[in-house]
1. Got a sec? Which residues in segment A:263-287 would a label at residue A:57 touch, if it sits 7 Å along Cα→Cβ and we count backbone N under 20 Å?
2. Where does the Debye-calculated log10 I(q)/I(0) of segment A:97-197 sit at q = 0.13, 0.20, 0.24, 0.25 Å⁻¹, using only Cα point scatterers of equal weight, no solvent?
3. Just counting partner chain Cβ atoms within 10 Å, what average do the residues of peptide A:268-281 show around their Cβ?
4. Can you compute the modelled spin-label distance between residue B:152 and residue A:494, with each label point 7 Å from Cα toward Cβ, in nm?
5. Could you check the simple spin-label distance between residue B:5 and residue A:487, using points 7 Å along Cα→Cβ, in nm with one decimal?
6. At 0.36 nm per residue, and after removing the present C-alpha to C-alpha distance, how many nm does the segment from residue A:213 to residue A:304 gain when stretched out fully?
7. Students often get this wrong, so check it: of A:337/A:408; A:223/A:251; A:363/A:398, which have C-alpha atoms separated by over 21 Å?
8. Determine, for each peptide in B:5-16, A:403-414, the mean count of other beta carbons within 10 angstrom over its residues, then list the peptides with the highest first.
Amino acid sequence: MDDDLPTDFQVIVVGTGMVESIVAAACSRIGKNVLHLDSSDHYGGLWASYNFDGLQKFIKEVNSDPKRQLQVYNLSEKWYIEKDSPQEKQEDDENKTEDSKSEPSKKVWSQASFATEYRKFNIDMTPKLLFSRGPLVELLISSNIARYAEFRCVTRVLTWLNDKLMPVPCSRADVFATEAVSIVEKRMLMKMLTSIVGYNEEEMNNEFKDWNDKTFKEYLEHKGLTPNLIHYVLFAIAGGTNKMPCLEGVKECKKFLMSLGRYGNTPFLWPMYGSGELPQCFCRLCAVFGGVYCLNRPIDKVATKTVDEGKTVVTIDSKSKTLNCDHLVIGINECPKEMISPEPAESCDISKAVFITNGSIMKSEKEPLTLLRFPPLTDEDNTVTVLEVGPATGSCPKGLFVVYFITKKVKTAESDLKPYAERIFDMSGGDQLEASEKPKCLWSLFYNVRDTSAPVSGAADSVHVCCGPDAGLDFDRAVEQAEQIFKKICPGEEFLPRAPDPEEIVFEDEVPRGPEFRGDDADAEPQQ
Amino acid sequence: MEDYKFLFKVVLVGNAGVGKTCLVRRFTQGLFPPGQGATIGVDFMIKTVEVDGEKVKLQIWDTAGQERFRSITQSYYRSAHALILVYDISCQPTFDCLPDWLREIEEYANNKVLRILVGNKTDREDREIPRHIGEDFAQRHGMYFLETSAKEAENVERLFMEIAVELMEQAKCKELPKYDGSLGPINGKTTSVGDSSCCLRS
């Protein structure tokens with residue numbers, strides 16, 4: 001079948017990561033003839049999500065292939081549960097008969113029961129959230145690609161304060177409902193947040209012109225905020241550290257506040273079945289507009305040659321076939337070294353961890369979907385971002401939670417993140433049924449990822465190298481880079497114009513949502 | 001809100017050239033598209049049918065050509081209520097690939113999804129797969145079975161009507177795979193099954 005693969009295209013895209021997939025969709029959408037390849041048998045590259053079986057394969061692959069370790073290294077997988085659980089069979093039978101009567105008692109998980117339910121896991125290599133009014137949500141809606149995906153609202157934002165987990169008041173109602181903050185503090189906080197939302201770009205630069213070389217923390221102190229409030233605003237809302245520059249902090253705060261009130265109670269959305277679904281949505285659009293798809297298709301060699309009239313053609317050798325195109329778009333993980341110019345500078349790598357637990361880090365009535373921002377525990381550390389997703393997101397079987405940790409690398413993923421994990425999980429490997437305050441950690445994976453998110457240029461004008469995932473919370477940089485690459489390939493063309501609807505638009509009852517962010521002043525209405 | 005009580009997502013899979021797009025277009029538009037060619041621009045098609053006096057909307061998704069090199073996205077299978085696996089009765093290789101398709105379905109589709117095996121092109125005189133072979137295969141894998149001709153409009157209406165009837169029955173017994181509680185589509189459009197506890201992508 002592979003031999004049927006046509007050889008001449010206007011655009012060939014290699015790698016199905018986020019940036020590559022957006023560019024593929026955008027080119028195909030305006031009528032370019034696109035071929036999209038990936039060397040592996042699944043979509044997503046470094047942005048993929050895996051079921052439990054796929055994840056085991058991934059770990060094995062990385063451990064046995066030194067080439068893969070250029071991207072992913074220091075992999076350390078650990079089980080905290082037995083291989084087989086002897087009582088389990090019995091219990092299963094009991095559950096079957098009692099099913100209708102009562103809730104089955106809490107399950108004792110074993111490695112074998114993970115294997116049985118492997119399909120129910122969708123574990124992300126690059127878990128990320130979407131800001132409700134961020135560039136990716138706007139793009140999904142304006143391009144009509146939103147119809148390929150479903151989302152869940154992040155239900156709460158937590159922080160670590162005075163050695164315990166604390167909910168962060170997000171909306172105005174939250175602020176006034178919280179008991180952690182006094183009335184005077186509430187007014188102070190609302191006043192500051194309201195003014196931040198009200199600034200336009202110019203006013204912002206003007207207001208903060210004397211703060212260029214100062215930190216956001218200094219600004220918050222200057223505004224008279226109490227230490228608790230500074231903690232909420234700096235670490236939880238702005239996601240910063242003590243060193244965060246003032247203007248950056250203000251901008252991050254504004255982004256957070258502006259995304260409130262569109263969908264849920266927090267500014268964030270999480271894709272059903274994981275972040276790895278999103279590149280596939282763009283691939284689907286590309287295919288609908290005629291893009292040709294071929295997974296399991298590694299490339300051997302990339303070269304450029306000049307044909308008549310000085311036109312450059314990129315040639316790609318793949319499985320004893322030569323493919324030709326005017327433009328090659330290639331993910332950094334698939335790109336031969338000699339096509340990258342110059343070599344990207346040393347950058348700060350990323351430390352990541354995934355945990356599977358038997359309960360939420362903080363109990364709640366309904367299944368929570370949580371963003372936790374850990375302030376650095378030591379001066380050396382950076383902020384640690386934690387995302388906890390449950391069965392309702394399609395990430396894991398009932399009774400479990402998947403928890404992602406992300407930070408900038410200092411030493412190794414394990415030493416960077418374990419101290420944080422121990423604060424919120426019971427990692428003793430003890431009895432799963434034993435009542436305890438913290439959820440039991442059943443399985444963990446630590447790994448480092450090379451930071452390939454810095455923009456790099458191809459060795460030739462017609463070779464476009466797509467950056468890898470960054471350590472940031474959202475997809476904004478990927479969207480931005482994809483648009484830049486598209487504009488280079490198709491100057492003057494519209495970026496992902498709306499795809500036509502096969503049906504009339506159907507409106508249904510609105511999704512319940514929290515209030516928009518509103519300050520005390522009536523004239524401080526947020527922009528729509 | 002539009003006038004229908006149930007909305008079901010039906011997805012088609014099977015080798016390239018077995019007539020998936022023709023089945024969809026015969027059913028939704030009542031025509032048989034002349035000429036071969038990849039499926040460009042077709043995302044999904046909609047047809048509202050009536051079952052027991054109730055309006056049922058079928059959203060029928062095509063592969064967009066990604067089956068050609070066995071590169072269908074996992075997300076294509078998500079949230080499907082019914083899955084039609086198609087082969088060409090006049091082309092043995094399309095039948096031989098069915099186990100590969102089943103593996104993929106097992107991996108990515110909900111295990112409660114309604115599965116139908118369809119042998120298409122009964123109008124062809126060069127049949128290679130006897131009807132009973134297809135029937136056997138379907139039975140062994142717990143699938144419904146039907147032979148169709150998109151060209152002659154044979155059994156096409158029946159195929160989709162039976163799916164609608166079966167899904168509606170399941171929906172009434174609440175046996176349907178539930179994709180409930182999610183926010184669903186973010187563009188304000190939302191489609192629902194029955195009591196609106198189910199949100200599907202539109």
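What follows draws every value from the coordinates through simple rules; no lab data is involved. Bear in mind that the values here come from a model prediction, so they are computed numbers and not experimental data. When we count neighbours, we look across all protein chains shown, and the Cβ atoms used for this are built from the backbone with ideal geometry, even at glycine.
1. Backbone N within reach: A:273-281.
2. For segment A:97-197 at q = 0.13, 0.20, 0.24, 0.25 Å⁻¹, log10 I(q)/I(0) is -0.90, -1.12, -1.27, -1.31.
3. 3
4. Here the answer is 4.6 nm between the modelled labels.
5. Distance between the two pseudo-spin positions: 5.3 nm.
6. Answer, rounded to one decimal: 28.2 nm.
7. A:337/A:408
8. My ranking of the peptides, most packed first, is B:5-16, A:403-414.
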